[in-house]
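Here the structure is laid out as structure tokens; the discussion comes afterwards.
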Amino acid sequence: MEIFLVLLVGCFSGMVTGLTGASGVMVVVPLVTILFRFPIHEAIGTSLVVDVLTSLMISVTYFKNDNIALKSAGWVALSSVTMAQIGARFSDKIPERGLDSGFSFVLIVLALIIWRTGVKRHKESVSPFDLSTNKSPLWRLALSVLLAGGSGFMTGFIGAGGGTNILLILLFVNKFPMHKALGTSILIMSFTALSGVIGHATFGNVNILTGITLAFSSILTGIYCARFTSKISEKSLSHLMSGVYLILGVVMMIINLRNF
């Protein structure tokens, strides 16, 4: 029964990454914490294993369609990977309860952001967000590296945010086309997650067997869903994901309060 639940969680994680390019960690961490009673540190380290393998396999699909431009985003990748190491080391210094509460809070905030973004995009067919074109390439490079570093730190710290944040950086700062931004961000996410895994592994916070089992089903659903991303209504998808994140965040918060 437990192996079935592990595979089911992996399927859900792959669906998130395949459809949105977001890190499946936001799903894996709360679910393995709730269902399998993983300590939060071990849940984060293990979920990053899933991110590494799933993101890497999904990115192959984008590479075959010439939708990865890692060379142009090299500094973004380097900054994200480096800061993930630092975030992982800070994560282990945070008490279980504090990190657990922080993760549930992040889930709830993310749910509200995704819901709001979906509503806004539904009302406005064209996103008005655009950086001024008179900014120099050096300014864009500095900003993208700074933001990527923050994203990498959060990936190592709570295991989440790598995919979505890098996607936004590549879209709005580096001005990548949508498909190249999505494919490149997923590949960078696999490197960043690997850095986080190494950091968490030094503290013994990675369950490799569970991570690989989760990744098996995650890869299958992730690749399948990635092929149909363009057919999904953005408004419906954003509302669905925000609802899932909100529920998981509230459940984790309730469990944490009951154990207080």
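Scanning segment 147-171 for residues that are closer than 16 Å to Gly21 by Cα and either modelled with pLDDT under 85 or among the acidic types (Asp, Glu) (or both) yields Ser151, Thr155, Gly159, Ala160, Gly161, Gly162, Gly163, Thr164, Asn165, Leu167, Leu168, Leu171. In segment 113-136, the condition of being in contact with a helix residue (DSSP H, G or I) (Cβ under 7 Å, 6 or more places away or on another chain), at pLDDT 85 or above and under 28 Å from Thr33 (Cα atoms) is met by no residue. Residues in segment 22-58 that are surrounded by fewer than 24 Cβ atoms within 10 Å (Cβ to Cβ) and not hydrophobic (A, V, I, L, M, F, W, C) were compared, and the one that is farthest from the chain's Cα centre (by Cα) is Arg37.
The values are calculated or read from the model by the stated rules, or taken from the named source; none is laboratory data. Predicted, not measured: the structure shown is a model, and the values here were computed from it. Ideal geometry is used to build each Cβ from the backbone, glycine not excepted, and the neighbour counts take in all protein chains shown.
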